[in-house]
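One structure is given here, and the rest of the page talks about it.
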2 protein chains.
Amino acid sequence: MTQPSSLSDLRGATDADGDFVDPRFVALEIARFLREGDTDSIRAFFETQELADVAAYLEELGTEDALTAMRLLRLHDQAELIAHLRPASQVTIATLMRRRELAALMSAMSHDERADLYKQLDEEAQEALLPALSKAEREDLRRLAAYEEWTVGSVMTSDYATLKPEMTSSQALEALRAQALEAETVYTAYIVDEAHRLIGVLELEDLLIARPRQRVGDIMDTDPVSIGADAAQEEAARLIARYDLIALPVLDGNGRLVGIVTADDAMDVAEQEATEDIHKGSTVGPMESSVGEASIFTLYRARIFWLVLLVFGNIFSGAGIAYFQQTIAAHLSLLFFLPLLIASGGNAGAQSATLMVRALATGDVRPADFGRLLAREVLIALGLGLTMAIAVSAIGLWRGGPEIALVVASAMVAIVLMGALFGMSLPFIFDRFNRDPAAASGPLVTSMADILGVMTYFTIAAALLDI
Amino acid sequence: MTQPSSLSDLRGATDADGDFVDPRFVALEIARFLREGDTDSIRAFFETQELADVAAYLEELGTEDALTAMRLLRLHDQAELIAHLRPASQVTIATLMRRRELAALMSAMSHDERADLYKQLDEEAQEALLPALSKAEREDLRRLAAYEEWTVGSVMTSDYATLKPEMTSSQALEALRAQALEAETVYTAYIVDEAHRLIGVLELEDLLIARPRQRVGDIMDTDPVSIGADAAQEEAARLIARYDLIALPVLDGNGRLVGIVTADDAMDVAEQEATEDIHKGSTVGPMESSVGEASIFTLYRARIFWLVLLVFGNIFSGAGIAYFQQTIAAHLSLLFFLPLLIASGGNAGAQSATLMVRALATGDVRPADFGRLLAREVLIALGLGLTMAIAVSAIGLWRGGPEIALVVASAMVAIVLMGALFGMSLPFIFDRFNRDPAAASGPLVTSMADILGVMTYFTIAAALLDI
């Protein structure tokens, strides 16, 4: 990376690997220009940048500097920018602002994003802020902030565009124009009756191609996809992906429109959910904060439960070994193959479990497919087990002769088969009992496969060698 | 679920769990109405359904029935519907169609989706189809089909809306109206010069709020986010998520606009990439087909490589055990704790690796954060190791007395610490050498942690017990 002579040289700059310039480097430059009082250069530089990138630079500045730099933007851009900051940074900056400034900023923010910020503030800051907001804003904030985490309500926004069914398409276009600055999106508009019940949805595209005198009520979709505010947020993401929606309307228990979830929020939700499933897949529990920012205790707490549980689970493997102590004492060379065999069962099982957990999560397979998939898994596992048995019997021949090779090879086939079938079935079993299939994690499957592996190996060895 | 008396009763029907009616059940009903020749009822039922759902029903019908049912829809809806079918079903239906019918359908399809279908057809079918298409369509098909899998080019579409910089905003609105039926989206329009180089992007929302005489060139974003056609498709998904875009323009090497990637395609790509990373996390290699549909051989091939490799990796653990054979023979009770200790190191390591792999993939942590995160990991791992040591020393006391308890507890702390630090570091090491961090999978980390675990345990045991 070459040293730029001015901020604007940084515009779109990439290093040798094609990665964007390290935001910390840009932040250093911004800090330098701030010290020199050259705010015009900073403002000009920000003009050339996407707000998401400006946010990344501000993250690397001290809070005072970040606020000073943020104030160089128009209020509307400030409102968009702060939403791109990490929650913790939003709070530190908001805390530094005067009450009126913060209230003005929050008025300009997306309703969902300001509710998220509001929830992060401590009670004192919340109470100081409320009187500076309008009554409608206060009520909206309280209402959105009341939804529980992980519900659709907690990710929806209430600044959607509405139309009336009796409007002509040209009137509707005019109405959307008037709502464009306030609404999160005007590409989908919602038609509600007097009780605020959703009676239709209209895409701006359909409005564009309608004849000027056609009425909204005649061209709207009267049977739109919608979701309840208390449903799980990942369900909203799934509907948006399935039906290629720009936004999904959210209804309360009485069919009244209370908000929308936009596609970009759905993408964030989907990413969050994938992260959670991935973590679960290695027995890491859910965390509120990002991994990069999480405290030592947060991570400790997310990890310790399953680790200790699995310690006790593995006692059974130890007990299995203890049970076969005599066989082992007579053939100590068997121990050489122990790690390899039990790891193979665990690995094959972890593969099978992971494939099924993910396929169930994305809807690629359904619980009803279990029988068909089990039959397929038997054949796959036999193929895998036989291949691995060939590999391991060569080592068996070399280490212990034909008898050991036979024991190890037959144990391998049996262990891989059992591990794979167990790993493949566990997610379906969890699903059957209404538990999250993602809990059928690699380490859980591995531990169970270990126990099966120890018992199988020594049982076969005892049968073939002792008699 | 109660038996519906007619197809329209199925509309939006859910079973007791709130899940939508099994598509196989709806398919049976459709087949019954087809046999009875009551196509009007089917057509009326389809009217009430989203096309993505109709596609799910057709998947469960025989190919002939599916085609007959599909023909009840308008051409435009047929074109949208077929894209919702699985690739294999698209091909079987397309193969059943007459050449002219297929050509008409493909003309009505999204450019990206018809290119995907075209690529799936066998060479004979491709050559039969081409003469029935227009010259522009043929060229577009060939061009889109030529991009390699996993590139941006392979997921982009060429039916984007364009504007000229000299148009007034009302002329531009008129131009978008004219393109609305053909274009994939009119919510973002692209402005190109004579050489088809991208010179600006304009959101329909900004066009709506512009004054009628303002020129496109004056209100467009002249510095839009874009991507190269040969970049990785996940990079496009990342940009769309980061900048909350509706569509991302794709440029060739000369800055010419060649296509766009839409947000809904980006969602599919992000899901696909997450699936691939999750699979990699348990050593399952990439597959072209879905897990539900994959053949036995496809799955065998995706799984066998790492399984065999790890067999050989685990030989080192066996060799470690063989090396300490005398210590073991003298204290056979040590074996009881072997599975538990090495599994603990592997589990802690898998947790650490998974956390880092995902955080690196989502940009939550950066390679440069390594030092800070390593320091944090030392403290977390010590906390985890000490907690697990307490748990295990109780078992040690019970099984073998205070000496064994001491050996087991100190081995636990050391093994968990090493496993966690190794698992945490491996993704960064892979990244440093330009390998995908996701390859630092659970099973790989577990196998390495096993070796460390065996050596550590018996070294500590030999030191504390033999002397």
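Coordinate-derived values only; no laboratory data. Please read these numbers as outputs of a predicted model, since none were measured by experiment. FYI the Cβ positions are ideal-geometry reconstructions off the backbone, even for glycines, and counts take in every protein chain you see.
Summary of computed values
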| quantity | calculated |
| --- | --- |
| Test item: A:446-453 mean partner chain Cβ contacts at 10 Å | 2 |
| For the protein assembly as shown, alpha-carbon Rg relative to the globular expectation (2.2 N^0.38 Å, N residues) | 1.03 |
| Farthest toward positive dipole pole in chain A [+1 Lys/Arg, -1 Asp/Glu at C-beta], among A:Leu117, A:Ser134, A:Leu382 | A:Leu382 |
| In order through segment A:56-73: 3J(HN,Hα) via Karplus (6.51 cos²θ - 1.76 cosθ + 1.60), integer Hz, x for Gly, Pro | 4, 5, 4, 4, 8, 8, x, 4, 4, 4, 4, 5, 4, 5, 4, 5, 6, 8 |
| P(r) tail fraction, segment B:161-280 - alpha-carbon pairs more than 27 Å apart, % | 20 percent |
| DSSP-defined antiparallel bridges as percent of all bridges, chain A, nearest 5 | 75 percent |
| Equivalent ellipsoid, segment A:202-361 (semi-axes from 5 times Cα gyration tensor eigenvalues, Å) | 54, 18, 13 |
| For segment B:64-110, projected area of the alpha-carbon convex hull averaged over all directions, nm² | 2.9 nm² |
| Contour minus Cα-Cα distance for B:Gln171 and B:Arg100 (0.36 nm per residue) | 21.9 nm |
| Residue order, fewest to most beta carbons within 10 Å, for B:Thr387, B:Thr188, B:Thr39, A:Thr354 | B:Thr39, B:Thr387, B:Thr188, A:Thr354 |
| Shape category assigned to segment B:282-326 from the gyration tensor of Cα positions, a/c cut at 1.5 | prolate |
| Residue (of B:Leu245, B:Ala353, B:Leu81) at the positive-pole extreme of chain B, dipole from beta-carbon charges | B:Ala353 |
| Total charge dipole magnitude, segment B:296-466, about the Cα centre, Cβ charges on Lys, Arg, Asp, Glu only, Debye to nearest 20 | 380 debye |
| Local electrostatic count, B:Phe337, Cβ distance below 15 Å [Lys/Arg +1, Asp/Glu -1] | -2 |
| Point-to-point label distance, B:Ala463-B:Leu374, nm (Cα→Cβ direction, 7 Å offset) | 2.2 nm |
| Debye intensity ratio I(q)/I(0), log10, segment A:101-149, q values 0.18, 0.20, 0.28, 0.29 Å⁻¹ (C-alpha model) | -0.46, -0.58, -1.21, -1.31 |
| Relative contact order, percent, segment A:155-284 [alpha-carbon distance under 8 Å, six or more residues apart] | 25 percent |
| Size of charge dipole - segment A:7-150 - debye, nearest 20, with Cβ of Lys, Arg +1 and Asp, Glu -1, no other charges | 720 debye |
| Charged-residue dipole, Cβ positions (Lys, Arg, Asp, Glu), the protein assembly as shown about Cα centre, Debye nearest 20 | 2380 debye |
| Relative contact order of chain A, defined on C-alpha pairs under 8 angstrom at six or more residues apart (%) | 10 percent |
| Peptide-level mean, for B:230-240, of C-beta atoms on other protein chains within 10 Å | 1 |
| Efficiency of FRET between B:Asp268 and B:Asp77 - r from beta-carbon atoms, R0 22 angstrom, step 0.05 | 0.60 |
| Using alpha-carbon coordinates, inclination of helix B:233-242 to the longest axis of chain B, degrees | 90 degrees |
| log₁₀ of I(q)/I(0) at q = 0.10, 0.15, 0.21 Å⁻¹ - segment B:322-425, Debye sum with one point per alpha carbon | -0.34, -0.65, -1.00 |
| Length added when fully stretched, B:Asp40-B:Arg143, from 0.36 nm per residue minus Cα-Cα | 33.0 nm |
| Packing-based exposure ordering (other Cβ within 10 Å, fewest first) of A:Thr157, B:Thr327, B:Thr222 | B:Thr222, B:Thr327, A:Thr157 |
| Under 5 Å, built H, 5+ apart or other chain: amide partners of A:Val192 | A:Leu163, A:Ile199 |
| Two-site label geometry, A:Ala394 and B:Leu382: point separation in nm, points 7 Å out along Cα→Cβ | 4.6 nm |
| Principal-axis tilt of helix B:370-432 within chain B, Cα atoms, nearest 10 degrees | 40 degrees |
| Linear extension gain, B:Ala136 paired with B:Ala439, 0.36 nm per residue minus alpha-carbon span | 104.8 nm |
| Förster radius 25 Å - calculated FRET efficiency between B:Val91 and B:Asp252, Cβ distance, rounded to 0.05 | 0.25 |
| B:Leu309-A:Ile199 FRET efficiency (beta carbon distance; Förster radius 60 Å; 0.05 resolution) | 0.50 |
| Peptide B:379-389 - average C-beta neighbours from other chains (10 Å radius) | 4 |
| Restraint check, A:Lys164/B:Lys164; B:Lys135/B:Lys164; A:Lys119/B:Lys280, Cα-Cα greater than 32 Å | A:Lys164/B:Lys164; A:Lys119/B:Lys280 |
| Crossing angle, helix B:99-108 versus chain B [Cα axis fit, 0-90 degrees, rounded to tens] | 80 degrees |
| Estimated D of chain B in µm² per second, where Rh is the Kirkwood radius over Cα pairs and Stokes-Einstein applies at 25 °C, 0.890 mPa s | 91 µm²/s |
| Likely footprinting exposure, B:Asp112, B:Asp159, fewest C-beta neighbours within 10 Å first | B:Asp159, B:Asp112 |
| Cα pair distances of segment A:7-150 binned at 5 Å [whole percent] | 2, 9, 20, 21, 17, 12, 9, 6, 3, 1, 0 |
